[in-house]
Amino acid sequence: MRRPFDDASRQVRFGHGDPCPGYEGLRGPDTGEWAGRTLEEVSAEDPAAVHRWLTDPDYAPPGGESVAALIARVGAVLGGLAAGTHRAVVDQAVVRAAVVHALELPAAAFWRLDVRPDTVTTLTGRLGRWNLQLGRPLDEP
């Protein structure tokens, strides 16, 4: 068994909503006042807030956006894409949000999806129906 967040991931800093060129709505999540701090730091200061953020999709970090809002934002972008192929390099949380939206999963599923770094997630479909391909290596055509 492993802890939900290993020591290395607990030291990653919350982002500032990193942009996704060409796709404003696919920017990383807005973590508000937590941006620039580590999960370890925020957990030490306010463990109840971190717990709520991880268990309540409607809870937002102070000044930030909730998981539910992230899913809605990413879903709106997916729903508005023109026909054709689109490629975007996005935050792992954006991949989770896109998969939750595309497969019509409950928002609580967001934290149950592990996105491996340096892989490609592909969503294909039309007429609002999406199919999912996970975990293709970056170097595979």
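Measuring only protein heavy atoms, the 1.4 Å probe finds residue 40 accessible over about 80 Å².
Remark: relative contact order (the chain) = 18 percent; criterion is Cα-Cα distance under 8 angstrom and separation of 6 or more residues. Against the set [x] 31, 16, 12; [y] 26, 17, 14; [z] 31, 21, 13, the structure's computed semi-axes √(5λ) of the Cα gyration tensor in Å falls on [y].
Note on residue 40 and residue 116: the model spin-label points, each 7 Å out from Cα along the C-beta direction, lie 2.7 nm apart. For the chain, what % of the accessible area comes from carbon and sulfur atoms, probe 1.4 Å? After summing per-atom areas, the C and S share lands at 53 percent. Available extension along the chain between residue 54 and residue 83 is 7.0 nm, counting 0.36 nm per residue and deducting the alpha carbon span. Inter-part distance, the range 63-141 to the range 26-44, computed on C-alpha centroids, equals 20 Å. Nearest 500 deg cm²/dmol is fine: what mean residue ellipticity at 222 nm does the chain get from its DSSP H runs of n ≥ 4 alone, each adding -39,500 (n - 2.57), divided by its residue count? Taking each H run of at least 4 residues, the total per residue is -9000 deg cm²/dmol.
The values are calculated or read from the model by the stated rules, or taken from the named source; none is laboratory data. On a predicted model such as this, the values are computed, not experimentally measured, just so you know. All Cβ positions, glycine included, derive from the backbone under ideal geometry; neighbour counts span all protein chains shown. We work out accessible area using only protein heavy atoms, side chains counted, and drop any ligands, DNA or RNA first. Shrake-Rupley method; radii C 1.70, N 1.55, O 1.52, S 1.80 Å.
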